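Participant: Dropping the structure in here first, questions after.
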Amino acid sequence: MTVEADSAANTHEGERERELFRSFVALLVSRGSRKGAWEMLKGASIVEVSLKTFYSQVRKDGFEAVAKALFVEEKLERIRELVANPPPVPPRRVAVSTLANQYYCEMQVHLGTKHDVRVTSAELAAGNEGHARLEAEAEPITEEEVTRRIEVGEKMGLVELGLAGEVEGVPLIGRADRVQLEGARARLLLEWKFSGRRDLYPTHVVQVEAYGKLLRASGFDTSELVHAVAVIPRGGPRPENLAETMAKRAADIASVAPWGERRIATTAQMPDPIAGLGVRRLDSSAFTLFVFPHNELAAERDVSWALGYWKGDREPSRTTSPSRCRACPYNAARLCEVALSQPDGRYRVREMTTRDGDTVHLLIANGR
Ligand code: SF4
């Protein structure tokens, strides 16, 4: 080969590498999330760092810089193979809490898939702190020990139990606050809510119903499952072993008498998860418990309505409550075009642009 031909070949090779790099960056961005990009890179043995490290690298330097660090000689062949044959984008996983929030305002959930809105408030911080305190009551346990206890039919309470399964083709994931098991029989599902209002809302009911469905899909017997929603007031007393106490009280309330029959009304509109629920209530200074039986038909109906949005069967619906719109972070950030009222000024809004050019809306509650 002549010197000119050699140099032309090098130029051509350089252009091919630049093209490969551009395609590599575009592929990472196309996964729709840092987690999706990391999972794809991990599957192709291109990244070694943990998801947490990858997250912070992308957040700090952006996708292009991270791709550049990975674009080294020994990985080029694997990158070439990945760009030529990318794995299909896995279907979007929906968190059970997100599914439940559709019963507050589905448009909020929809806008959450389009915009990065981060809310900071004393209420959220208190809820996180309260959760952490209740979790800290539990002792760590290995998965092998859990399996052994289930197999021998032991009773146990599991805290922060990760659940996952596919319902109507949509992958659902969640973390139940506390589940009481007797072997493979799920007896009580206890969900903690930190709020000044001691009320039971449709979002609470749908959340535990969906966990009940996931427990069943995971092989647990849910035929005698009872749900308990514990509302814990902010600033109230926090006695020792509160999680254990609430689980015991909920089981006591559930056992006082058999549950009545429930008629499940079907509808094409958003169902009312609370209608006919037959709730038993217990009030104490530290908590209020709402206890009701799991009903598979009701859970099916309520979860199915919410999944209609994720399956693309219908457009997102919006709340009919102007007061929710007044308090809505998306309304404060001027992102909702169907708001029923003006925002009430409870949030200060700041906009930031990330290195990848994405806009982040930071909403800080004005002490309400
Ligand atoms: S402004 Fe109202 S309709 Fe729009 S997302 Fe918020 S609560 Fe829903």
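Participant: Can you bin every Cα-Cα distance in the stretch 3-84 into 10 Å intervals starting at zero and give me the percent of pairs per bin, rounded to whole numbers?
Facilitator: Distribution as computed: 17, 50, 22, 9, 3 percent.
Participant: Restricting to the chain, compute how many DSSP beta bridges are antiparallel as a %, nearest 5. Could the numbers behind the result be given before it?
Facilitator: On the way: 34 of 49 bridges.
Taking every DSSP beta bridge with both residues in the chain, the antiparallel ones total about 70 percent.
Participant: Can I ask one more? Can you report the principal axis dimensions of the stretch 74-200 using only the alpha carbons, biggest first, rounded to whole angstrom?
Facilitator: Computed over the Cα atoms, the extents are 52, 41, 33 Å.
Participant: Now a separate question. Before I look further, what does the chain give for accessible area per residue, probe 1.4 Å, in whole square angstrom?
Facilitator: Numbers: 20170 Å² over 368 residues.
Per residue, the chain has 55 Å² of solvent-accessible surface.
Participant: Assign unit charges at the C-beta atoms only (+1 for Lys and Arg, -1 for Asp and Glu), then state the dipole size of the stretch 296-342 relative to its Cα centre in Debye, rounded to the nearest 20.
Facilitator: On the way: 7 positive and 6 negative charges, 63 e Å.
Computed charge dipole of the stretch 296-342: roughly 300 debye.
Participant: A further question follows. If one computes the Cα centroid of the stretch 108-150 and of the stretch 183-251, what distance in Å separates the two points?
Facilitator: 14 Å
Participant: By per-residue mean of other Cβ atoms within 10 Å, what is the highest-first order of 173-181, 333-341, 212-220? Write out the running numbers ahead of the final one.
Facilitator: On the way: 173-181: 20.9, 333-341: 15.7, 212-220: 19.2.
Top of the packing list down: 173-181, 212-220, 333-341.
Participant: Here's a follow-up. What does the charge dipole of the chain about its Cα centre add up to, to the nearest 20 debye, if the Cβ of each Lys and Arg holds +1 and the Cβ of each Asp and Glu holds -1? Walk me through the numbers before you get to the answer.
Facilitator: Details: 51 positive and 52 negative charges, 298 e Å.
So the dipole magnitude of the chain works out to roughly 1440 debye.
Participant: Count the DSSP beta bridges whose two residues both fall in the stretch 62-214, then state the antiparallel fraction as a percent rounded to the nearest 5. Present the calculation step by step, with values, prior to reporting the outcome.
Facilitator: Values: 17 of 19 bridges.
Looking only at bridges with both residues in the stretch 62-214, the antiparallel portion is about 90 percent.
Participant: Under the classification rounded if a/c is under 1.5, otherwise prolate if a/b is larger than b/c and oblate if not, where does the stretch 167-244 fall, given a ≥ b ≥ c as square roots of the Cα gyration tensor eigenvalues?
Facilitator: oblate
Participant: Rounded, prolate or oblate: pick one for the stretch 94-310, where a ≥ b ≥ c are the square roots of the eigenvalues of its C-alpha gyration tensor, a/c under 1.5 means rounded, and failing that, prolate if a/b is larger than b/c, else oblate.
Facilitator: On the way: a/c = 1.27, a/b = 1.11, b/c = 1.15.
It comes out rounded by the Cα gyration axes.
Participant: Divide by every residue of the chain the summed helix terms, -39500 (n - 2.57) for each DSSP H run of at least 4, and state the resulting mean residue ellipticity at 222 nm, rounded to the nearest 500 deg cm²/dmol. Let's see the in-between values first.
Facilitator: Values: 13 runs with 163 residues, N = 368.
Taking each H run of at least 4 residues, the total per residue is -14000 deg cm²/dmol.
Participant: Mean separation of Cα pairs under 8 Å and 6+ residues apart, divided by the residue count of the chain: what relative contact order is that in percent?
Facilitator: Relative contact order, the chain: 17 percent.
Participant: Counting only Cα atoms, I'd like the Rg/Rh figure for the chain, Kirkwood definition for Rh. Each step should come with its number before you reach the end.
Facilitator: Details: Rg = 24.8 Å, Rh = 23.7 Å.
Dividing the radius of gyration by the Kirkwood radius yields 1.05.
The values are calculated or read from the model by the stated rules, or taken from the named source; none is laboratory data. Owing to the predicted nature of the structure, the values given are computational and were not obtained by experimental measurement. As a convention, Cβ positions derive from the backbone with ideal geometry for all residues, glycine included, and neighbour counts pool all protein chains shown. Surface areas here come from the heavy atoms of the whole protein model, side chains and all, with no ligands, DNA or RNA. Shrake-Rupley method; radii C 1.70, N 1.55, O 1.52, S 1.80 Å.
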